[in-house]
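The structure under discussion appears below in the form of structure tokens.
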Amino acid sequence: MRRVLVIFDVDGTLTRTFDIDASLYARAFRDTFGVPLPTLDWTAYRYATDRGIAEGALRRAGPRGAGRSLEEMRRRFIEMLDEALPSDAGRQVAGAGTILDRLRQHGHAIAIATGCWEASARLKLVRSFIEVGDCPVVGCDDEADRGAILRSAMKRATPDEGPVVYVGDGRWDVQAARCLQLGFVGIDHDDSGRLRRLGVGTVRRDFRDYRAFLGALARTVQPAV
């Protein structure tokens, strides 16, 4: 199999942290801006990223949410997450703790592209005992759009042209991969079937079967021209 750049999402893909992330995010938003989030359904926002959700919610809130900055909310959220998130290998999606190293050992390039703020993504990975080493970790600190986050990760990960596969779990991950015409491997760790319903053809439950994951990557890579 030729060299591939494999880009991973974090929440729901490498870590099972969505539950605690959503509740703390909602609290941090309310504590900072004094108004509740309009909904915890991330699909209701144009950009389902930490920056994009907050910006969208503030536009809906109008003058009621004025007076505090997004940076204040970011700091508040990360402080709360640091206090609440224990070190627990059980937060990994099964096999995630070894998948990055195994791919590197076989000559593939690795990056992280997530809708989280970078600091919160790194915290979730560390507390889940997932070592990312020096691979690029690109969050939503500068861009609310997941497509732009993916492009930044691609640019930082490798200067070489070659196949890229995004590994994610959400509707927004599927949309971003399709928009950029990238290969996509879905992770459905709770066996919900949501990705199949979106028409994703290559879905894995987790990363325990490394050979099967390599096969999934190979099926999504476009043939060389």
Of the numbered conditions (1) surrounded by 17 or more Cβ atoms within 10 Å (Cβ to Cβ); (2) assigned to a helix (DSSP H, G or I); (3) over 15 Å from the mean Cα position of the chain (by Cα), D101 satisfies every one except a single condition; which is it?
-> (1)
The residue that is nearest to D21 (Cα to Cα), considering only those in the stretch 79-96 that are buried (at least 20 other Cβ atoms within 10 Å of the Cβ) and within 17 Å of the chain's Cα centre (by Cα), is L81
Note down all Cβ pairs under 7 Å where the first residue falls in the stretch 83-104 and is free of Cβ contacts under 8 Å to residues at least 40 places away in the same chain and closer than 18 Å to D9 by Cβ, the second is exposed (fewer than 13 other Cβ atoms within 10 Å of the Cβ) and not polar (S, T, N, Q), and they're at least six residues apart or on different chains.
-> G97/A89
Given the conditions (1) in contact (Cβ under 8 Å) with a residue 24 or more places away in the chain; (2) over 19 Å from L123 (Cα atoms), every one holds for F8 apart from (2)
Give me a count of the residues in the stretch 26-50 that are in contact with an Asp or Glu (Cβ under 7 Å, 6 or more places away or on another chain) and assigned to a helix (DSSP H, G or I).
-> 1
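Anything in the stretch 104-122 that is out of contact with any helix residue (DSSP H, G or I) (no Cβ under 7 Å at 6 or more places or on another chain) and surrounded by 14 or more Cβ atoms within 10 Å (Cβ to Cβ)? List them, or say none. Show your work before the answer.
First, pick out the residues of the stretch 104-122 that are out of contact with any helix residue (DSSP H, G or I) (no Cβ under 7 Å at 6 or more places or on another chain): 104-108, 118, 121-122.
Scanning the stretch 104-122 gives R104, H108, E118, A121, R122.
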Every listed condition ((1) charged (D, E, K, R); (2) surrounded by fewer than 17 Cβ atoms within 10 Å (Cβ to Cβ); (3) under 30 Å from V4 (Cβ atoms); (4) not assigned by TED's automatic domain parsing to the domain that holds G215) holds for R51 save (2)
Taking the stretch 59-90 and keeping residues outside any helix (DSSP H, G or I) and within 12 Å of A28 (Cβ to Cβ) leaves R68
Among the residues of the stretch 37-45, is any within 30 Å of A94 (Cα to Cα), surrounded by fewer than 20 Cβ atoms within 10 Å (Cβ to Cβ) and either of a type in the set (K, R) or out of contact with any helix residue (DSSP H, G or I) (no Cβ under 9 Å at 6 or more places or on another chain) (or both)?
-> yes
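The values are calculated or read from the model by the stated rules, or taken from the named source; none is laboratory data. In this text the structure is predicted, and so the values were computed from the model without any measurement. Counting neighbours? That spans all protein chains shown, and the Cβs are built from the backbone with ideal geometry, glycine included.
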